[in-house]
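The block underneath contains the structure these notes are about, expressed in structure tokens.
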Amino acid sequence: MDFISQTWAWYVSGFIIGCIMLLLVYFGKTFGMSSNLRSLCTLAGAGKKVAFFNFDWKASRWNLVVVLGAMLGGFVAVLYMSAPTNVAINPQTVEQLATLGIDAPDGKLVPDALFSSAVFQSPKGIALLLLGGFLIGFGSRYAGGCTSGHAITGLSNLQLPSLKAVIGFFIGGLIMAHLLLPLLLK
């Protein structure tokens, strides 16, 4: 059981992801998480009001099972398999976060300053969550998919638009982390 509860090396995880991608290609499926939002909106009846949501969601119901599995797997991993020793953060990163008023996670996967119920108690926190959620939704729709769809499926299929999207994701992440986040947390 120790092998399962410890952090896996990149080459083990990468190999498993590669095998799954080969199976998906073999069965003619594509993987991506943001496409599930469209399926969920269609299930909720959005297809009656907006033509974009009027499609056969049953063809991609297997991908909804992936979302359910990711949620269930995350719950099991955090509840039963997480250990504080698995989270090793570079001390330089901890110092940089401290200058922004963000506490070190101390064995947790995320810091409380950013991921706790206290975020919902300030208007600034709620505004940042709403704006961030909108931008992520808009960006994944504008890019034709999310990071998992482009970086895992698109790149494994050697799609040039996915390479451009992934480069954009990285540039956007760097700009956010180094330029905008310090301004937003002041």
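The values are calculated or read from the model by the stated rules, or taken from the named source; none is laboratory data. For clarity, every value in this text was computed on a predicted model and none was experimentally measured. In this analysis, Cβ positions are derived from the backbone assuming ideal geometry, glycine residues included, and neighbour counts consider all displayed protein chains. Accessible surface areas use protein heavy atoms only, side chains included; no ligands, DNA or RNA. Shrake-Rupley method; radii C 1.70, N 1.55, O 1.52, S 1.80 Å.
Dipole check for segment 88-173: with +1 at the C-beta of Lys and Arg, -1 at the C-beta of Asp and Glu, and the Cα centre as origin, the magnitude is about 400 Debye. Think of segment 5-145 as having a plus end and a minus end, set by charges on the Cβ of Lys, Arg, Asp and Glu; of 96, 50, 63, 50 sits farthest toward the positive end of this dipole. Label reach from residue 52 (point 7 Å along Cα→C-beta): in segment 107-142, amide nitrogens under 12 Å belong to 137-142. For the pair residue 29 and residue 129, what calculated FRET efficiency results from E = 1/(1 + (r/R0)^6), where r is the Cβ-Cβ distance and R0 = 25 Å, to the nearest 0.05? Using R0 = 25 Å, I get an efficiency of 0.20. Would you mind getting me the FRET efficiency between residue 122 and residue 20? Use the beta-carbon distance for r and R0 = 41 Å, nearest 0.05. Calculated value: 0.55. Accessible area of residue 136 (1.4 Å probe, protein heavy atoms only, ligands and nucleic acids ignored): about 120 Å².
Expressed as a whole percent, the accessible surface of segment 1-93 that belongs to carbon and sulfur atoms is 71, based on a 1.4 Å probe.
Overall shape: oblate for segment 1-41, with the ratio a/c of the largest to smallest alpha carbon gyration tensor axis at 1.5 or above and b/c at least equal to a/b.
Fully extending the segment from residue 77 to residue 43 would add 9.4 nm, taking 0.36 nm per residue of separation and subtracting the current Cα-Cα distance. For residue 164, the lysines whose Cα comes closer than 25 Å to its Cα, not counting residues fewer than 8 places off in the same chain, are 29.
Using alpha-carbon positions, what is the distance between the centroids of segment 112-126 and segment 38-66, in Å? The two parts, judged by their Cα centres, are 31 Å apart. Ligands, DNA and RNA are left out, and with a 1.4 angstrom probe the accessible area of the chain is 73 Å² per residue.
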